[in-house]
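Chemist: What follows is a single structure, and I will ask about it in a moment.
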Ligand code: HEC
Ligand code: HEC
Ligand code: HEC
Ligand code: HEC
């Protein structure tokens with residue numbers, strides 16, 4: 001029986017979650033154990049084999065997959081490229097590959113006293129940037145008798161656990177109060193950051209196999225639950241960041257990357273004011289906070305509990321209203337939404353979704369997209385990821401390949417995104433589902 005699927009009564013589960021949050025594993029970046037370096041994992045008798053080793057319960061080719069296929073292995077080298085040099089120059093940094101603000105996400109930038117002999121910053125986002133400092137588990141984890149639980153006690157990061165994975169990936173793909181990709185960096189040329197946990201999990205070239213043996217050791221989680229975990233944690237992290245110095249520290253304007261990019265960056269004609277969207281209680285011409293994951297969660301909740309959905313929707317409106325007032329009110333509203341989400345997240349994340357419910361969820365998102373509710377680019381993008389994930393999970397992605405392709409084409413090029421087109425494509429997809 002997999003833990004996340006257990007049907008526990010609500011109250012103990014919530015207590016459990018509070019405990020989980022308190023004891024949540026520290027991010028690898030802050031681990032108490034030294035980071036020994038990719039070279040310590042990569043030898044030909046360890047994770048650097050050239051062919052998979054069937055006598056082991058893991059592939060043993062992890063290093064090769066990472067090195068040859070995974071962008072994380074190139075993250076440091078990216079900082080040496082002309083694009084990064086330009087960014088550094090525009091920001092007045094000496095160089096990108098020595099600047100802490102760049103290394104914090106493009107490498108395993110732990111303090112010097114936390115680096116082992118073979119550690120090299122040039123390895124980029126190496127094994128221990130995701131799996132935690134190996135100082136204490138390095139020698140033990142290959143011995144007979146080593147268990148996953150024991151490794152975790154010795155500092156291995158529990159990246160198989162959805163919440164911990166969300167926290168890990170979001171730490172670089174959204175940012176934290178300590179490291180953040182600001183609008184100033186984007187103005188200098190940095191790409192916009194975006195993450196949908198399930199899609200990014202699938203897109204990272206896999207150096208592991210979720211087979212029977214894996215499930216026995218670590219359990220497994222359905223893609224729908226992973227998607228929902230990602231949404232909740234992204235929402236929670238964004239709301240937390242709204243209350244941090246990353247949002248507040250600026251002068252006249254708050255940090256602009258918290259806002260829907262295309263509320264500023266778009267052609268002026270035709271008018272794109274999103275009448276139907278949750279933010280419609282701020283007047284036309286206002287800069288709108290990016291509420292993509294929140295409005296999608298509200299749609300998901302409408303399927304599960306209309307009462308909770310109404311509470312969330314009204315809180316989102318209040319956040320938008322607060323955005324016209326002052327930073328203190330924004331922080332208050334952000335906190336209130338966190339509490340609402342915290343109240344429902346366990347039930348939504350851990351629920352076992354039946355085929356019919358998954359179909360209803362997909363239909364609901366497309367129906368709402370078809371009314372124009374998700375006009376903003378960032379929410380349209382999340383709708384695509386969600387509909388794709390649900391279709392793959394429902395194993396009918398081939399049946400709807402044509403519709404999925406069209407949905408993707410509508411969001412593929414951010415600068416050519418046209419809300420009205422996305423809306424119509426969603427309507428047609430919805431009609432097809434209803435046939
Ligand atoms: C230490 C920071 C860091 C962590 C932690 C991290 N990433 Fe990344 N990730 C990056 C950087 C930086 C890049 C861009 C690399 C480049 O091209 O230079 C990247 C690129 C990617 C890409 C390819 C880009 C794309 O748009 O397809 C995927 C997929 C990805 N990461 C998934 C994940 C997942 C899943 C997790 C969590 C298990 C994760 N990342 C954790 C920093 C990180
Ligand atoms: C909060 C984490 C974070 C910080 C800080 C950060 N980056 Fe990134 N960067 C990323 C991630 C994640 C990606 C991959 C985005 C994607 O594809 O989804 C990326 C992508 C890039 C890319 C595009 C890579 C490609 O192959 O297209 C460049 C160039 C880049 N970063 C340079 C920099 C520079 C220079 C700095 C310092 C000024 C910096 N980054 C700071 C997380 C970060
Ligand atoms: C961007 C994050 C990231 C990086 C970098 C990374 N991994 Fe992983 N790794 C994961 C995730 C996510 C999983 C799947 C969840 C889990 O089992 O913990 C995983 C799983 C594994 C597993 C477990 C397989 C199993 O069957 O239990 C091994 C072993 C592993 N990684 C080794 C490595 C090695 C060696 C490197 C460096 C060469 C590396 N990883 C780099 C994220 C990462
Ligand atoms: C409040 C309005 C506003 C918001 C919201 C906003 N930007 Fe900007 N952005 C600007 C302004 C103003 C400039 C500077 C344009 C100039 O220098 O002429 C700019 C410049 C840029 C540039 C450099 C390109 C250029 O034309 O100079 C990029 C890239 C960029 N922003 C990306 C983003 C991204 C990504 C987001 C969302 C995460 C975002 N912006 C949100 C107002 C905004």
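The values are calculated or read from the model by the stated rules, or taken from the named source; none is laboratory data. In this text the structure is predicted, and so the values were computed from the model without any measurement. Quick reminder, even Gly has a Cβ in these numbers, built from the backbone with ideal geometry, and neighbours come from all protein chains shown.
Chemist: Hey, among 271, 279, which residue is modelled with pLDDT under 90 and either within 16 Å of ligand 1 (Cβ to nearest atom) or buried (at least 19 other Cβ atoms within 10 Å of the Cβ) (or both)? Let's see the steps before the verdict.
Modeler: Working: 271 fails: either within 16 Å of ligand 1 (Cβ to nearest atom) or buried (at least 19 other Cβ atoms within 10 Å of the Cβ) (or both).
Sole residue among the options that is modelled with pLDDT under 90 and either within 16 Å of ligand 1 (Cβ to nearest atom) or buried (at least 19 other Cβ atoms within 10 Å of the Cβ) (or both): 279.
Chemist: State whether the residues of region 60-70 include one that is more than 30 Å from residue 147 (Cβ to Cβ) and more than 9 Å from ligand 2 (Cβ to nearest atom). Can you show your working first?
Modeler: Within region 60-70, the subset more than 30 Å from residue 147 (Cβ to Cβ) is 68.
Still in the running and more than 9 Å from ligand 2 (Cβ to nearest atom): 68.
Checked region 60-70: at least one residue is more than 30 Å from residue 147 (Cβ to Cβ) and more than 9 Å from ligand 2 (Cβ to nearest atom).
Chemist: Is it fair to say residue 191 is farther than 26 Å from residue 323 by Cα, out of contact with any strand residue (DSSP E or B) (no Cβ under 7 Å at 6 or more places or on another chain) and not in a helix (DSSP H, G or I)?
Modeler: No; evaluated as a whole, the condition is false for this residue.
Chemist: Show the residue pairs that are 6+ apart or on different chains and have beta-carbon atoms under 9 Å apart, the first residue being within region 208-224 and in contact (Cβ under 8 Å) with a residue 40 or more places away in the chain, the second being part of a helix (DSSP H, G or I) and within 16 Å of ligand 2 (Cβ to nearest atom).
Modeler: Here the result reads 223/198; 223/201; 223/202; 224/198, each pair linking region 208-224 to a residue that is part of a helix (DSSP H, G or I) and within 16 Å of ligand 2 (Cβ to nearest atom).
Chemist: Hey, among the residues in region 74-83 that are within 7 Å of ligand 2 (Cβ to nearest atom) and outside any loop (DSSP other than H, G, I, E, B), which one's nearest to the chain's Cα centre (by Cα)? Before the answer, list the steps.
Modeler: Start the filter on region 74-83 by keeping residues that are within 7 Å of ligand 2 (Cβ to nearest atom), which leaves 78-79, 81, 83.
If we keep only those that are outside any loop (DSSP other than H, G, I, E, B) as well, we get 78, 83.
On the way: 78: 21, 83: 24 Å.
The residue in question is 78.
Chemist: If you take the residues of region 99-117 that are in contact (Cβ under 8 Å) with a residue 24 or more places away in the chain and outside any helix (DSSP H, G or I), which of them is farthest from the chain's Cα centre (by Cα)?
Modeler: Residue satisfying both the conditions and the ranking: 117.
Chemist: Please go through (1) under 30 Å from residue 34 (Cβ atoms); (2) in contact with a helix residue (DSSP H, G or I) (Cβ under 6 Å, 6 or more places away or on another chain); (3) more than 16 Å from ligand 2 (Cβ to nearest atom); (4) part of a helix (DSSP H, G or I) for residue 239 and return the number of the only condition it doesn't satisfy.
Modeler: Here residue 239 clears every test but (1).
Chemist: Just give me the residues in region 177-188 being part of a loop (DSSP other than H, G, I, E, B) and either away from ligand 3 (no atom under 16 Å from the Cβ) or farther than 21 Å from residue 233 by Cβ (or both), in sequence order.
Modeler: Scanning region 177-188 gives 177, 178, 180, 181, 182, 188.
Chemist: Filter region 148-176 for residues that are in contact (Cβ under 8 Å) with a residue 12 or more places away in the chain, assigned to a loop (DSSP other than H, G, I, E, B) and more than 16 Å from ligand 4 (Cβ to nearest atom) and give the result.
Modeler: 154, 155, 156, 157, 158, 159, 160, 176
Chemist: Out of the helices (runs of 4 or more DSSP H) lying entirely within region 297-382, which hold 3 or more residues that are in contact (Cβ under 8 Å) with a residue 60 or more places away in the chain, in contact with a helix residue (DSSP H, G or I) (Cβ under 6 Å, 6 or more places away or on another chain) and farther than 19 Å from residue 166 by Cβ?
Modeler: 355-370
Chemist: May I ask you to verify whether residue 152 is surrounded by fewer than 19 Cβ atoms within 10 Å (Cβ to Cβ), over 30 Å from residue 96 (Cβ atoms) and within 12 Å of ligand 3 (Cβ to nearest atom)?
Modeler: yes
Every residue, every condition in (1) surrounded by 13 or more Cβ atoms within 10 Å (Cβ to Cβ); (2) assigned to a loop (DSSP other than H, G, I, E, B), yes or no:
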residue: 43; (1), (2): no, yes
residue: 46; (1), (2): yes, yes
residue: 49; (1), (2): yes, yes
residue: 58; (1), (2): yes, yes
residue: 72; (1), (2): yes, no
residue: 97; (1), (2): yes, no
residue: 119; (1), (2): yes, yes
residue: 125; (1), (2): yes, yes
residue: 139; (1), (2): no, yes
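Chemist: What are the pairs with Cβ atoms under 7 angstrom where one residue, in region 69-84, is assigned by TED's automatic domain parsing to the domain that holds residue 38 and the other, located anywhere, is exposed (fewer than 14 other Cβ atoms within 10 Å of the Cβ) and in a helix (DSSP H, G or I)? Sequence gap at least six, or different chains.
Modeler: 76/122
Chemist: Among the residues of region 185-230, what is the count of those that are surrounded by fewer than 15 Cβ atoms within 10 Å (Cβ to Cβ), within 19 Å of residue 171 (Cα to Cα) and more than 10 Å from ligand 1 (Cβ to nearest atom)?
Modeler: Qualifying residue count, region 185-230: 1.
Chemist: Moving on to the next point. So, in region 209-240, how many residues would count as being modelled with pLDDT under 95 and under 27 Å from residue 79 (Cβ atoms)?
Modeler: Qualifying residue count, region 209-240: 0.
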